[in-house]
1. Residue 128 to residue 176: FRET efficiency via 1/(1 + (r/R0)^6), r the Cβ-Cβ distance, R0 41 Å, to the nearest 0.05?
2. Quick check: the distance between the Cα centres of the range 201-230 and the range 120-199, to the nearest angstrom?
3. When 122, 130 are ordered from fewest to most other Cβ atoms inside 10 Å of their Cβ, what list results?
4. List 144, 160 from most exposed to least, where exposure is judged by having the fewest other Cβ atoms within 10 Å.
5. Based on the alpha-carbon set only, what is the convex hull volume of the range 93-228 divided per residue, in Å³?
6. Listing 156, 186, 81, 142 from the residue with the fewest other Cβ atoms within 10 Å to the one with the most, what is the order?
7. Listed highest first by mean packing, meaning other Cβ atoms within 10 Å per residue, what order do 206-212, 191-197 come in?
Ligand SMILES: [Zn+2]
């Protein structure tokens, strides 16, 4: 036993030194029954445990602070007032109010006409067989040949009802269309005429698209040139 290596009086000195401190009753009891070195060892272990627990708490706190620090500093760097970031304009595909010409490039072959039968429209031409594109995102609601043989395609959404005539349309009623989707090619079907006003039925002339735009919000036909640009 290690206690045997210590002189008796020295052992008591240390014991008195121990009991001069406000140790717990448990330690006092142990000291009265067990050799000094065991008591010292136990006390030292308690102190070490205490230190470890205390240090652990400090480390944990420090860790938490360390973990919190980036967000704290980030918050500190943020401006006090929330400045909204500039938002890009919504893509035309998802904007129901968007309307474009059915061609990338075209010429106006006849200005607003058809008022006499309530069908304010323009005639535009891009060339025989050129792809015709949907002017709006919507649904093909009608496709028929009218009384004088004009193939008539109607595409609409909650804002516009667009009517196209004379083309070789390749879509069907109920088809959902995104703006710019191909709907057919430029033709001369129906009542089309050449520059001299002669009918182009069965002849290789008069290719164009007759375009009408009905504004559902306004409840009236509008000049297509006002919305599709030129
Ligand atoms: Zn026309």
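Values quoted throughout were computed directly from the atomic coordinates according to the rules given, and no laboratory measurement underlies them. Given the structure is predicted, the values throughout are model-derived calculations rather than measurements. Cβ: placed from backbone, ideal geometry, glycine included. Neighbour counts: every protein chain shown.
1. Once the sixth-power term is evaluated, E becomes 0.90.
2. 9
3. Values: 122 23, 130 18.
Ordered by Cβ neighbours within 10 Å, fewest first: 130, 122.
4. 144, 160
5. Working: hull volume 13.6 nm³, N = 136.
Taking only Cα atoms, the range 93-228 has a hull volume of 100 Å³ per residue.
6. Numbers: 156 17, 186 22, 81 5, 142 12.
Listing 156, 186, 81, 142 from fewest to most nearby Cβ atoms yields 81, 142, 156, 186.
7. Values: 206-212: 23.3, 191-197: 12.6.
With the highest mean Cβ count within 10 Å placed first, the list reads 206-212, 191-197.
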